[in-house]
Amino acid sequence: MKKYIFTEKKDTRSGFGDGLYEVAKNNTNIVALCADLAGSVKMSKFADEFPERFFQAGVAEANMVSMAAGLTIGGKIAFAGTFAAFASGRVYDQLRVSVAYSNKNVKIAASHSGISLGEDGASHQIMEDIALMRALPNMVVINPCDYNQTKAATIAAAKYYGPVYLRFGRPKVPNFTPVDQEFEIGKAVVMKEGTDVTIIATGHLVSRAIEATEKLEEKGISVELINIHTIKPLDEEAILKSVAKTRAVVTAEEHVMNGGLGDAVAQLLALNNPTPMEMVAMKNEFGESGTYEELFVKYGLEAVNVVEATEKVLKRK
């Protein structure tokens, strides 16, 4: 397979911040709101350069989302940023009624998602946010894999009309996708073609899936590797085309099995082409405090887990 070079590590939240700043330079309708976490969510650059377009809502996330929805009535494109635990669970009623139901042009910037939030502990980690957002009509769900892709996704979200849940993280992770990539919402990226198994990964698990693919190729297993940055709408055509060839699937995500990428793919296959499948994801459980590397090992989100799941599903073909 093509060797993806992990030459640097950058946090995806910085990709969001830089993307927001870049797209806002040429579009004065873009506004940003934050719930007392501008530094953590990387909105400080925007706030310093465009203070008249930045609104600090304080520790009042529900009010922030309502403000964002109101601003869109006047033609603004509103980015509302906070930790993913607060951007989804705490404000679900406002997202459902004021944003999704009304189809407002609000972009939810959900930083510190998943378990890689690490040392902040279980109360601030969230592994079920994709499930919550997938269930909302009109809501687009994007989960990019590295700095470059997050920056491109942010720019694409600004140009898309309608609610978007943009999920990204805290830690520095491998940065390997093209700087000048064309990000198309709802379009999967086939990173490698293969014939034995389809591995579908999203977010921080894409780099783990790349490592797993290299190990599997050394064992003579031909892997088709797909980077799913948009979980809703799902690129059904790309997945079904791949599965028709490989007849075996593994999904990998930093989320609980319930309601995430794996569930979305399983539903698609059950309705169209039932196929042996394994999921690399957290069980229905909460996390705990620790470094993100330690937590990934404990909860089975490493490359070795993708390899094991692949070997298991191949026995079921």
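Only the coordinates and a few stated rules stand behind these numbers; no lab work does. Everything numeric here is computed off the predicted structure, so don't read it as measured data. Methodologically, a virtual Cβ is constructed for each residue, glycine included, from the backbone with ideal geometry; neighbour enumeration extends over all protein chains shown.
Computed values, structure above
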item	result
DSSP-loop trypsin sites (Lys or Arg not before Pro) across the stretch 166-237, with at most 15 other Cβ within 10 angstrom	Lys187, Lys219
Cα shape, the stretch 176-280, gyration tensor, a/c 1.5 rule	rounded
Beta bridges per DSSP with both ends in the stretch 189-314, % antiparallel, nearest 5	20
Least to most buried among Glu22, Glu61 (fewest other Cβ within 10 Å first)	Glu22, Glu61
Sequence of Val306, Val243 once ranked by neighbouring C-beta atoms within 10 Å, starting from the fewest	Val243, Val306
Between 0 and 90°, nearest 10: helix 236-246 axis offset from the chain longest Cα axis	20
Most fluctuating residue given options Thr82, Thr202, Thr246, as computed from a GNM of the chain linking Cα atoms under 10 Å	Thr246
With Cα atoms, 0 to 90° folded angle of helix 12-25 axis to the chain main axis	50
Exposure proxy order (Cβ contacts within 10 Å, fewest to most) of Leu234, Leu225	Leu234, Leu225
Cα shape, the stretch 9-174, gyration tensor, a/c 1.5 rule	rounded
Bridge type composition, the chain - antiparallel percent by DSSP, nearest 5	20
GNM flexibility winner over the chain from Ile228, Ile185, Ile73 (Cα, springs under 10 Å)	Ile73
Cα long-axis angle, helix 205-218 against the chain (0 to 90 degrees, to the nearest 10)	20
Excluding exposed DSSP-loop chymotrypsin sites (Phe, Trp or Tyr not before Pro) (at most 14 other C-beta within 10 Å), longest clean stretch of the chain	162-285
